[in-house]
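Here the structure comes first, spelled out in structure tokens, and everything after it is commentary.
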Ligand SMILES: [Zn+2]
């Protein structure tokens, strides 16, 4: 397998994978979207809430606030064995506000300086005169297999497109050039050429407009364009390292299982 990076910043990574297969890249995609452990608020203990919003709605809103994921000292609740969360498996984010005000994610005060809301201005509720809100939000490790609030990345892949031109059939009407929505086709010395094949969405507009049937759109079977977007809970470098480590562990486990049959 070979990898070539197309685009990379703090949040996104786009790369080309060659000499691979659908099961392998799909396994990687599934790890990114649902198996990487992260921290999210799991339940709330309310002490006071006479705001117009029910406890359950506030709990749901707080659960969806993305938290920084740099701390690796916490263990998953199922590995801890405690019933309600302890210092090994949970972090408490406390909130106490009195109206009139809007309560934002930045009002959550965390026990651990490494676990905090990434976005400061997520509104939780509004309080008016005489209304109070006081709760402890308990954040725990989980994965998006259980709930989408633990999802910290999006990932997708597509086959590398392939355009074949049959020059014996082509009459150079050039109708395929303007019809391409990605504008990747051009004419050069009696030949239709492709600017950037990776931009092709395989919409087949060029194939359909060509009455001579000179264009055939298909894809390469073992090459993929892979895209990862971090939701900023974790740097994209750490995210990819973690996903590859998890995939490698899974493959090692499978190998051991097969060898022991
Ligand atoms: Zn615990």
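The values are calculated or read from the model by the stated rules, or taken from the named source; none is laboratory data. None of these values were measured; they are calculated from a predicted model. All Cβ positions, even for glycine, are placed from backbone atoms using ideal geometry, and neighbour counts span all protein chains on display.
What number of residues within segment 55-86 satisfy the criterion of being closer than 30 Å to residue 102 by Cα, within 9 Å of the ligand (Cβ to nearest atom) and surrounded by fewer than 17 Cβ atoms within 10 Å (Cβ to Cβ)? Can you show your working first?
Of all residues in segment 55-86, those closer than 30 Å to residue 102 by Cα come to 55-71, 84-85.
Now narrow it down to the ones that are within 9 Å of the ligand (Cβ to nearest atom): 84-85.
After this cut, where a residue has to be surrounded by fewer than 17 Cβ atoms within 10 Å (Cβ to Cβ) as well, the list is 84.
Counting residues in segment 55-86 that are closer than 30 Å to residue 102 by Cα, within 9 Å of the ligand (Cβ to nearest atom) and surrounded by fewer than 17 Cβ atoms within 10 Å (Cβ to Cβ) gives 1.
Please give the number of the condition residue 27 fails out of (1) away from the ligand (no atom under 16 Å from the Cβ); (2) free of Cβ contacts under 8 Å to residues at least 12 places away in the same chain; (3) out of contact with any strand residue (DSSP E or B) (no Cβ under 9 Å at 6 or more places or on another chain).
With respect to (1) away from the ligand (no atom under 16 Å from the Cβ); (2) free of Cβ contacts under 8 Å to residues at least 12 places away in the same chain; (3) out of contact with any strand residue (DSSP E or B) (no Cβ under 9 Å at 6 or more places or on another chain), residue 27 is out only on (2).
Return the only residue of 114, 132 being in the same structural domain as residue 55 (by TED's automatic domain parsing), more than 16 Å from the ligand (Cβ to nearest atom) and over 25 Å from the mean Cα position of the chain (by Cα).
Working: 114 fails: over 25 Å from the mean Cα position of the chain (by Cα).
On inspection, the qualifying residue turns out to be 132.
Looking at the structure I just gave you, is residue 85 outside any strand (DSSP E or B), over 28 Å from residue 52 (Cα atoms) and in the same structural domain as residue 45 (by TED's automatic domain parsing)? Reasoning before the result, please.
Working: outside any strand (DSSP E or B): yes; over 28 Å from residue 52 (Cα atoms): yes; in the same structural domain as residue 45 (by TED's automatic domain parsing): yes.
Yes; evaluated as a whole, the condition is true for this residue.
Those residues that are surrounded by 14 or more Cβ atoms within 10 Å (Cβ to Cβ) and in contact with a helix residue (DSSP H, G or I) (Cβ under 7 Å, 6 or more places away or on another chain), I need them from segment 89-131; list them, please.
Residues satisfying the conditions are 89, 95, 97, 117, 122, 124, 125.
Any idea which of 134, 162, 126, 97 is in a strand (DSSP E or B) and under 30 Å from residue 20 (Cα atoms)? Give the derivation first.
On the way: 134 fails: under 30 Å from residue 20 (Cα atoms); 126 fails: under 30 Å from residue 20 (Cα atoms); 97 fails: under 30 Å from residue 20 (Cα atoms).
One residue alone meets the criteria, 162.
List the pairs whose first member sits in segment 71-98 and is free of Cβ contacts under 8 Å to residues at least 40 places away in the same chain and farther than 20 Å from residue 59 by Cα, whose second member is near the ligand (Cβ under 9 Å from one of its atoms) and part of a loop (DSSP other than H, G, I, E, B), and whose Cβ atoms are under 6 Å apart, counting only residues at least 6 apart or on separate chains?
Once the first residue is free of Cβ contacts under 8 Å to residues at least 40 places away in the same chain and farther than 20 Å from residue 59 by Cα and sits in segment 71-98, its partners that are near the ligand (Cβ under 9 Å from one of its atoms) and part of a loop (DSSP other than H, G, I, E, B) give 80/88; 80/89; 88/75.
Can you tell me which residue within segment 199-214, out of those that are crowded, with 16+ Cβ neighbours inside 10 Å and at pLDDT below 90, is farthest from residue 18 (Cα to Cα)?
210
Within segment 178-206, which residues are under 27 Å from residue 15 (Cα atoms) and outside any loop (DSSP other than H, G, I, E, B)?
185, 186, 192, 193, 194, 197, 198, 199, 205, 206
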